[in-house]
Structures are given as C-alpha cells and as structure tokens.
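A short write-up of the structure that comes next.
Values in this text are rule-based calculations from the coordinates and carry no lab data. Bear in mind that the values here come from a model prediction, so they are computed numbers and not experimental data. No Cβ is skipped: glycine too gets one built from the backbone with ideal geometry, and neighbour counts run over all protein chains shown.
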C-alpha cells in the first residue's frame, strides 16, 4: 500500500516532527481519521484563525504588517507604504500609496472613502460630494505577473519625488492603491477633510486562482477553485499537484457551481471570498473554504488529499451484521453537548461587504426532543450570502446532533472503508435498514479495523428559497457634509479602592459607523499623550480607564472621535479636562494639638505638639507669616515625619517678629486644619 499522508505530517507538524510521524506510518501503524487532515467546522464552533473583515478594511501604518492575499471578491485596504505631500505645479498634493494584495488582484469593483461608497470618473477622480471638491484621485495597479507586475511603478510619484521614489521601488507582485488628495480652500476643509484625509478601501476581485486540471489562472468566487489555489499555487501553495485527488476537486467545483433556488431567483450553491495572512497556517485557510462549501477532506488510498463539497452522495459500501466482531451502539450526542441553534457570522454585500449575522438556524427535531438551548455562534467569514450561511448551519447541526452513533470492530472487511467518507449499515433487528452513517474515524491495529460512525441526515443538504431567511437591510447613505463628529465627558472618577489610584472616564460620541470614542491622558506639564484602556460600553458611548497614576499628581485628559484601530487620527474637536488631582486618600488627619510653645522676635521658636497618629497621618509642616496675619499669607518652613506622641520643632524668629502655625497631611497630601502656635511681635 502506498505511504498514506506523510505530506500531511510535514504540512501540519514541520519537517523535523514529520520525520518521526512519517516513519510510524511506514511502519504500518495507520490511524486515519476523516478529520485528521482538516477538521470539520461542526466539530469546533470556534472558527480557524485569521484576520477578520473589519480588520482588513482599515488602513495600517506598520513596518511589520502581515502580507495579505485575497481570493474571490472582498473589500480591503492595506498597509500605507508611502505618505507624503508634494508641490505639483501650483497645487499642494498628498500622495498615499497602500499595499493591498500580496500576489496581486484582478480588478477594483468599487471605491470607498471613510467607509462610504464613492463614484469615480474614467480617470479615477472622485465625483461623489463632498469629496469632489478635493480633486481626489483613486487608482490601482494589479501586481500580476501578466499585468502591472510592479505595484510601485507609479510615474507620477517618481516625478513628484525625484530621487526619493525610484524605479527600484517596485513592490513586485503586490496589488496597490494610489490615492492623491489636493489641498482645498479654508472654507471647504471642514467639509472635505474633517479630521484629515479620508480612509481608502476598495471592493476588489482578488488574485487569479490556480486550477490543476487546466493548469491556468483565473479569477473565481468558487470555493473549490480557491481551495486548489491555496493548496497548490506554484508560488504560494504548500503542496504539489500530485498530492491532490484532482477528480474530487473538479467534482466539488461542479457541486458548488450548481444553481439552486433563492429569494428572487437562483444563486450558485456555494460561493466564497477570502482574505488571509501569508503567515496563517494553510490548514486554517483551507478550513474556512471547506466550511464555505459544507466540505470535508480526507486521505484516499493513494495517499492524496480528497475533497468533497456539501451535497449528498449515497454510500457505496454496506456493513452487515456478519462483518462485525464487536459493536457499541447508542445515542448520537450526550445531552450536555447538544446544540440546537446556530447563528452564523458572514460577510454581507448589503452592508458594504462587512461581517454581520444571519438569521438563526434551528434544528427543530432536536428542539422537539431535548428543548431549546442558547444559540451558538459560528464564523463563516468566507461566505457572502445569508441563505448560504444558514444552509451550512443546517448541515452542521445535522452532524452535531446525529440520531445514533456506533463504534464497530471489523476484520478484513473494514479495509474496504479506507478512504470512504460514508457507509450504509444494515442490521434490521436494530431498526437499521441500509441507514447511512458518516465514517468519523478509521483505525487499523494490524488485525482488526475499528471505525466510529455517526448517523447521516441526507435531508440536511436539501434547501429551498423559503429557508433563506431575510437578508440584512441595505446600509443607509448619509450626508457627510452635515455629519457631526463629537464627544462628551459625562463621568470622571478617581478610583481609589482597586489598588493604585487611576481614572475612569465615560461619555458619549457622535460619528459614523467604524469610528469610536477615544481618550488620552498626560501628567500636567508633560508633552506626550497616552491612550486610555478601552472598556465595554453601549453603542454610541465610550468608557475608558487609565493605568495606575501617581498619587498626588495632577493630570489632563482629552476625548475625541477616531477611526477604529487608528487612534492617532482625530476626527472631532478635542474635549479637554485639566487639573485632575489624583488623590488616593481624601480623609484628612486631625489637626496637631499644641502642647507648649515659647519664643520672641529675634530669638528661637520652640513648639511641642501631639500629631494625629492614625492611619491618615503622614507628616506635619511648620508655617510662618507676618505678625498679626492669617494662615493664608503664611509660607512653608519645614516638615517633620516624627511619629512620637509629643514632637518638638524649632525655628529662628525674624527680628521683625512672626506668627506660626502647624498643619498635618495624609499620604495623598490632603491637609488638616491649621493649628495656631503663637504670635511673636
């Protein structure tokens, strides 16, 4: 038998660990689980790792940003790799170059400024108000080997920045967006560039996907073709074409492309769009695409990866009772593990290609048996249709709530199940009449084959337009010219009962979607501002705290509106609060009690007193003022930190005479009442 899955061990574990794993396989210990290569989403409600759509539509300014690749149709921004003003003719112009797509992109379908869709003319100039006043121009380079390979090849930038941006700045193989912004007259600044130049993102068609059967590249929204590119792209893929069962991949592509009924017409059964960091594990990226088409993957008998999309195919092998050596048979799911409702998160074109939630899908049969439980969320971020997301949840719940589960020990007959994803079981006395089961795992110990089976539900793959549910409401346009960006500071508290003192501030903010209320703080006299620590707050509100602050210090705080993830971009007028005193202990000590005093002008003052030696006492100060004046005109002379029941302090009395007082303080500098020592004319 050929070596099974050695390449999988390398891909998942790394070459060093794989050597031992592959050796064990060659030695004959084959323990092949259907989910060993790429686990089913139904086995784990938590989605694979990777960037979320909300993170990808925000500009980044980072020297170590991740390289992002896009397949299908997605909305994206990227890393700002160049940002500089230049004088072009008689115009002051800002150039902003954004690296968007590692491996290139096929097209820009729609432009967005500050999250709002805008129209451009044939030369890329924005025609949507109010940005049309700014002579804003949006262009792109594909970064494809066959078309505009060098994403940095912008002649206009070389002309505006001679010797600074050169032909050596290639950005080869990277799709880029170039946005230029002209300065405007003073009366238009608040309307066109309120808070700075707008953020740029675009709805793009990602890189062309490699396809093994035809050995070519083409843009595609088919998840099977995208999966092929992720796995075996000649430049980026971790596997070779020989590692893939090409026939199964072609079948999965055909299943995904089938037209099914939906509200208002038909749609392809499965479509997807995906963005992933080149550093993400390939199995996580592949899992998202499998999830998007209800797919599964396993190793066939030739040691190749075999893929199947979510459509029911009857089993070709049947287990009879005479094939079974041992059998465990029972309910499909433990009561504590039952999930009866799933709510998918997916990317909705209706809300500008951002993630949202579809209507909950409920397993009505499971609810009838066990009652209704709390809905669980599942990320399907490569899915871009609400009906498709719900259909996938229907399939997942069928796998999560099987009617029956079996563990069978078989002899040689069990070898026929190697590479089979499903099997029929025919044991009439148990009520099983060619009942279909999924092969959840397959193991061989050299003598017997052990398989774990869960009952399949062929009806879970059926779908109708009525089951699609309601799509999300179209995102509303807003009049940016009249939009108000503002914040209020409604509550400011010095927290003293949670360790070292700190500030907690809350308030409201007004802004468009994608912006947040933000606060910063600094010690009075400092030039640097520090971001606050964000805490949970309701929509339209903000709540922050600071790190521990210096007891007795004085601070400033400011609030403003900023784009999420870019707190340095102030989009509203600053609301500043000054002279915030940080006092950990506001309880003053008792005033010192004068026991005895003596002195005369030109001589020496000697005063003995009893301080308050309680928990609120730290020190006592001696103060001196002109003869006959009040304490408000006194000047500080010295401190004593003595903690005796009777303390003595002395001072040289001026020849013109003086008046003296004592005043104690606690650890936060909160003073007691002043105690008069005496008047010495």
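Computed from the mean reciprocal separation of all distinct C-alpha pairs, what Kirkwood hydrodynamic radius does the range 73-205 have, in Å?
15.1
Averaged over every viewing direction, what's the projected area of the C-alpha convex hull for the range 593-680? Give it in nm², one decimal, please.
5.1
Specify the angular offset, from 0 to 90 degrees and rounded to the nearest 10, of the alpha carbon long axis of helix 15-26 from the longest principal axis of the alpha carbons in the chain.
30
Using only Cα atoms, find the angle between the long axis of helix 246-257 and the longest principal axis of the chain, and express it within 0 to 90 degrees, rounded to the nearest 10.
With both axes taken from Cα atoms, the answer is about 70 degrees.
For the range 214-272, what percent of Cα pairs sit more than 14 Å apart?
More than 14 Å apart: 59 percent of the Cα pairs in the range 214-272.
How far apart, in nanometres, would the label points at residue 445 and residue 627 be if each is projected 7 angstrom from Cα along the Cα-to-Cβ direction?
For residue 445 paired with residue 627, the spin-label model returns 10.9 nm.
How large are Rg and Dmax for the range 170-286 when only the alpha carbon atoms are used, in Å?
20.3, 65
How do 296, 619 rank when sorted from fewest to most other Cβ atoms within 10 Å of their own Cβ?
Fewest to most other Cβ atoms nearby, the residues stand as 619, 296.
Tell me the relative contact order for the range 327-481 as a rounded percent, counting alpha carbon contacts under 8 Å between residues six or more apart.
27
List 597, 59, 259 from most exposed to least, where exposure is judged by having the fewest other Cβ atoms within 10 Å.
Going from least to most buried by this count: 259, 597, 59.
Give or take rounding to whole Å, what are the principal axis extents of the alpha carbon atoms in the chain, in descending order?
Projected onto its principal axes, the Cα set of the chain covers 118, 74, 51 Å.
Mind checking the angle between helix 223-232 and the chain's longest principal axis? C-alpha axes, 0 to 90 degrees, to the nearest 10.
80
So if the hydrodynamic radius of the range 484-581 is defined as the Kirkwood radius over C-alpha pairs, what does Stokes-Einstein give as its diffusion coefficient at 10 °C and 1.306 mPa s, in µm² per second?
117
Report, in whole Å, the centroid distance computed from the Cα atoms of the range 548-609 and the range 100-158.
53
Can you tell me the relative contact order of the chain? Whole percent, Cα pairs under 8 Å, sequence separation 6 or more.
In percent, rounded to a whole number, it is 10.
Quick one: check the C-alpha center-to-center distance for the range 392-424 versus the range 660-681, whole angstrom.
If you average the Cα positions of each part, the centres end up 85 Å apart.
What ranking of 413, 485, 181 emerges when the number of other C-beta atoms within 10 Å of each C-beta is taken as an exposure proxy, fewest first?
Neighbour counts put them in this order, fewest first: 413, 485, 181.
For residue 168 and residue 531, what is the calculated FRET efficiency with R₀ set at 51 Å and r taken between the beta-carbons, to the nearest 0.05?
Computed FRET efficiency for residue 168 and residue 531: 0.90.
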